[in-house]
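Engineer: Handing you this structure, nothing more for now.
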Amino acid sequence: MPIASTISLPDIHPFVGMDVSSLLADSARRNGDRLFLAWEPFEGRARAWSYAEADRAVTDIAAGLAERGLRPGDALILHLDNAPESILVWLACGRLGAVAVVTNARSSADELRYFVEKSGAVAIVSQPAFSPVVGTVADLVDWTELVEPGTGDQVLRGARTLAPRPADPAAPFCVQFTSGTTSRPKAVVWTHANALWGAMVNARHLSLRPEDKALVFFPLCHAVALSWQVLGSIWAGAAVVVQPKFSAARFWEVVTSHGCTWAPTGGFVENALKDVPRPEGHRLRFVLATANLEPSEAAWGLRNTAGHGMTEIITQSLLCDTVGPIENGAVGRPAPEYRIEVRDDDGKAVPLGGSGELLIGGIRGLSLFACYHGDEQATAEAFTEDGLFRTGDIVRRRPDGALDLVDRKKDMLKVGGENVAASEVEAVILKVPGVREVAVVGQRHKMLDEVPFAFVIATPAAPADLPDRILAACRAALADFKVPREVRLVEDFPRTIGELKVRKVRLREMLRDEAQA
């Protein structure tokens with residue numbers, strides 16, 4: 001089934017006559033020799049592209065894809081670790097009018113086969129390291145191309161002159177897959193207008209300027225890296241410095257050598273950098289958490305802000321911006337570009353102090369995703385009867401007007417009829433000296449349905465009785481039904497999304513398997 005947006009944009013909107021290709025071309029005209037993309041691999045040669053060089057490379061790659069048989073409207077799988085090709089081929093598909101389908105490089109062969117079949121992709125661009133997995137689906141596509149990271153603009157380039165293509169902001173631009181923690185991942189379709197919206201709004205929300213340089217280590221198959229960082233930087237004429245993945249050992253080295261001014265963060269990143277000395281003279285002006293995070297300005301020595309977003313929302317629906325008041329521990333305040341509501345399970349508005357599901361109003365194909373490809377039912381179910389997108393995120397309306405991100409609906413435990421937010425328990429455990437990371441999940445219980453169970457990664461200096469201290473802290477701070485029935489120390493968690501996100505579904509499966517053994 002060809003990928004289509006299934007929606008029509010209003011006659012008047014900010015991007016009439018524009019698309020992603022025209023955005024890059026315009027930025028190249030304005031910024032010329034200014035740095036756009038720097039590649040910092042762990043091994044091999046570092047490279048850099050100015051805006052003018054990147055624009056030419058995108059045109060050459062688009063020509064090469066066309067010579068290999070890719071046509072406007074065709075879907076191409078990008079199965080890559082973070083690399084220059086993750087950006088250049090993504091943009092080249094937009095220039096050609098094809099649809100880039102970005103996938104997680106850690107996907108299994110079965111998952112990749114699902115992505116190919118779901119998207120109807122006709123080609124794959126990957127790298128030699130993934131040839132065993134890519135080889136299992138080669139029979140499903142017309143061609144595959146494996147390129148070493150940092151060489152794609154040379155290997156994929158073509159000599160053909162592409163015919164001019166009218167800009168169509170409503171046309172599909174790319175597909176990203178949801179995390180699929182409860183079911184098969186859904187294929188989220190972004191139009192060119194969606195990408196342009198992300199570019200414009202992210203640049204405004206983050207106060208980006210041409211001299212900014214974003215350090216990109218979150219996976220380039222998700223909205224934070226693609227939209228918040230790359231697209232926002234293109235709109236502002238700023239630069240991105242790309243690493244294959246997060247490295248605590250190289251974080252400050254790369255920040256300092258490139259003069260990076262901002263980077264994403266989160267619990268995993270902050271914990272990994274706790275004991276890494278911060279050099280003098282760095283140029284970071286803020287770090288951006290992707291959920292509510294207690295400000296650690298004393299630890300970072302700079303502004304720590306936050307924002308809430310999802311693939312379907314393109315940019316931030318809630319944010320603590322980079323220049324306004326800091327909301328202590330909150331995910332932020334409603335972004336003015338969206339209609340924000342918080343409703344309970346009965347669909348009633350939640351008052352200040354209450355908690356409920358975050359609902360977001362916008363324009364599909366512009367400020368909200370176009371559709372879930374090939375799944376009309378899931379698309380319809382994603383919206384309320386009055387057209388608000390159901391995020392599945394539980395937020396609390398603080399008395400001061402800011403919002404706290406409490407948890408995902410699916411991460412709420414049901415303990416003897418009582419709702420327990422895993423994040424609430426985790427927040428208590430994280431304050432116990434000796435705890436580096438924690439993940440609380442539900443363990444099946446024959447009488448209470450489920451009970452809290454805590455997996456904990458300890459610091460090297462943690463006391464031997466750390467589990468007992470954690471339970472004592474929980475008993476002191478939480479209602480009895482919220483206290484974990486057990487605390488288990490582990491070396492690491494099963495992770496997804498570039499090793500940055502805990503796969504709680506796997507932790508639940510481990511407990512279930514143990515109970516059945």
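Engineer: Tell me, in nm to one decimal, what length is gained between His445 and Arg339 on full extension, where the rule is 0.36 nm per residue of separation less the Cα-Cα distance? Mind dumping the intermediate values first?
Structural biologist: Details: separation 106, 0.36 × 106 = 38.16 nm, distance 4.00 nm.
Result for the pair: 34.2 nm of gain on full extension.
Engineer: Now a separate question. R0 = 35 Å: FRET efficiency of Gln377 with Leu352, Cβ-based, nearest 0.05? If you can, show how the numbers build up before the last one.
Structural biologist: Values: r = 35 Å, r/R0 = 1.01.
After rounding to 0.05, the efficiency reads 0.50.
Engineer: Going 7 Å from the Cα of Val505 in the Cα-to-Cβ direction, what parts of segment 78-116 have a backbone nitrogen less than 14 Å from that spot?
Structural biologist: 104, 107-108, 110-112, 114-115
Engineer: For every helix of n ≥ 4 consecutive DSSP H residues, a contribution of -39,500 (n - 2.57) applies; sum these over the chain, divide by its total residues, and give [θ] at 222 nm rounded to the nearest 500 deg cm²/dmol.
Structural biologist: Numbers: 15 runs with 143 residues, N = 517.
About -8000 deg cm²/dmol.
Engineer: Within 10 Å of each candidate Cβ there may be at most 10 other Cβ atoms; applying that plus a DSSP loop requirement, which trypsin sites (Lys or Arg not before Pro) in segment 1-50 survive? Mind showing how you got there, number by number?
Structural biologist: Details: sites: Arg29, Arg30, Arg34, Arg45, Arg47; in loops: Arg34, Arg45.
Those satisfying the criteria are Arg45.
Engineer: Something else about it: Please report the antiparallel percentage of DSSP beta bridges with both residues in the chain, rounded to the nearest 5. Mind showing how you got there, number by number?
Structural biologist: Values: 52 of 88 bridges.
Once the DSSP bridges in the chain are tallied, antiparallel ones form about 60 percent.
Engineer: State the extension gain, in nm to one decimal, for the chain segment bounded by Leu162 and Arg485, taking 0.36 nm per residue of separation less the distance between their alpha-carbons.
Structural biologist: Gain on extension, Leu162 to Arg485, equals 109.9 nm.
Engineer: So if I average 1/r over every pair of distinct C-alpha atoms in segment 15-239 and take the inverse, what Kirkwood radius in Å does that give? Mind dumping the intermediate values first?
Structural biologist: Values: mean 1/r = 0.0576 Å⁻¹.
Every distinct Cα pair counted, the radius reaches 17.4 Å.
Engineer: What is the Cα convex hull volume of segment 104-212 when expressed per residue in Å³?
Structural biologist: Values: hull volume 20.1 nm³, N = 109.
Spread over its residues, the Cα hull of segment 104-212 gives 184 Å³ apiece.
Engineer: How large is the convex hull of the Cα atoms of segment 202-361 per residue, expressed in Å³ as a whole number?
Structural biologist: In segment 202-361, the Cα hull volume divided by residue count equals 121 Å³.
Engineer: What FRET efficiency, computed as 1/(1 + (r/R0)^6) with R0 = 25 Å and r the Cβ-Cβ distance, is obtained for Thr151 and Lys245, rounded to the nearest 0.05? Mind dumping the intermediate values first?
Structural biologist: Values: r = 19 Å, r/R0 = 0.76.
Result of the calculation: an efficiency of 0.85.
Engineer: Using the C-alpha gyration tensor of the chain, what are the square roots of 5 times its eigenvalues, in whole angstrom, with the largest one first? All intermediate terms of the calculation are to be shown ahead of the outcome.
Structural biologist: Working: eigenvalues 279, 129, 114 Å².
In descending order the semi-axes read 37, 25, 24 Å.
Engineer: Taking only Cα atoms of segment 416-516, what ratio of Rg to Rh do you get with Rh as the Kirkwood inverse-distance radius? Could you put the intermediate results ahead of the total?
Structural biologist: On the way: Rg = 13.3 Å, Rh = 13.9 Å.
Here the Rg-to-Rh quotient is 0.95.
Engineer: Note down the magnitude of the dipole of the chain about its Cα centre, charges +1 on Lys and Arg C-beta and -1 on Asp and Glu C-beta and zero elsewhere, to the nearest 20 debye.
Structural biologist: For the chain, the charge dipole is close to 420 debye.
Engineer: Going by average Cβ density within 10 Å per residue, which order do the peptides 386-399, 88-101 take, highest to lowest? Before the final figure, lay out the partial values.
Structural biologist: Values: 386-399: 18.1, 88-101: 26.5.
Top to bottom by mean Cβ count within 10 Å: 88-101, 386-399.
Engineer: Would you order Met510, Met310 from fewest to most other beta-carbon atoms within 10 Å of each residue's own beta-carbon? Kindly include the intermediate steps, with their values, before the conclusion.
Structural biologist: Details: Met510 16, Met310 21.
Taking fewest neighbouring Cβ atoms as first place, the list is Met510, Met310.
Engineer: Over the Cα atoms, compute the radius of gyration (one decimal) and Dmax (the largest Cα-Cα distance, rounded to a whole number) for segment 1-84, in Å.
Structural biologist: 16.2, 49
Only the coordinates and a few stated rules stand behind these numbers; no lab work does. Just so it is clear, the model here is predicted, and its values are computed rather than measured. Here the Cβ is made from the backbone with ideal geometry for all residues, glycine too, and neighbour counts use every protein chain on show.
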